[in-house]
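Quick note: the coordinates plus some simple rules give every number you see, no bench work behind them. Remember, it's a predicted structure, so these values are computed and weren't measured experimentally. In this analysis, Cβ positions are derived from the backbone assuming ideal geometry, glycine residues included, and neighbour counts consider all displayed protein chains.
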Amino acid sequence: MKNKTTAAILAILLGSIGVHKFYLGNALPGIVYLLFCWTGIPSILALIEGIIYLTDSEEAFQARVEAKKFFM
């Protein structure tokens with residue numbers, strides 16, 4: 001069971017290199033974020049994801065983690 005607050009903080013602070021993706025068990029998107037971190041696009045996506053994680057209910061977040069329904 002992953003903590004949504006931890007995932008949100010990782011997404012906001014270190015999301016440009018995909019740390020939150022690795023934390024949530026999605027290695028492939030994490031690698032994509034890492035490869036494209038120089039473009040700035042992963043930073044924007046990670047900020048949006050961090051906000052979504054913070055505003056989701058705990059049940060919705062856990063369902064998203066189990067289904068691996070993320071942007072990538």
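Listed values, structure above:
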| read-out | value |
| --- | --- |
| Test: residue in the range 36-43 that is more than 12 Å from the chain's Cα centre (by Cα), in a loop (DSSP other than H, G, I, E, B), surrounded by fewer than 16 Cβ atoms within 10 Å (Cβ to Cβ) and at positive phi | yes |
| Hits in the range 20-32 - residues which are part of a helix (DSSP H, G or I) and within 20 Å of Glu66 (Cβ to Cβ) | His20, Lys21, Phe22, Tyr23, Ala27, Leu28, Pro29, Gly30 |
| Count of residues meeting criterion [in contact with a Phe, Trp or Tyr (Cβ under 8 Å, 6 or more places away or on another chain) and of a type in the set (Val, Ile, Thr)] in the range 6-47 | 2 |
| Hits in the range 49-68 - residues which are loosely packed, with under 13 Cβ neighbours inside 10 Å and out of contact with any helix residue (DSSP H, G or I) (no Cβ under 8 Å at 6 or more places or on another chain) | Thr55, Ser57, Glu59, Ala63, Glu66, Ala67, Lys68 |
| Residue within the range 2-18 that is in a loop (DSSP other than H, G, I, E, B) and in contact (Cβ under 8 Å) with a residue 60 or more places away in the chain present | yes |
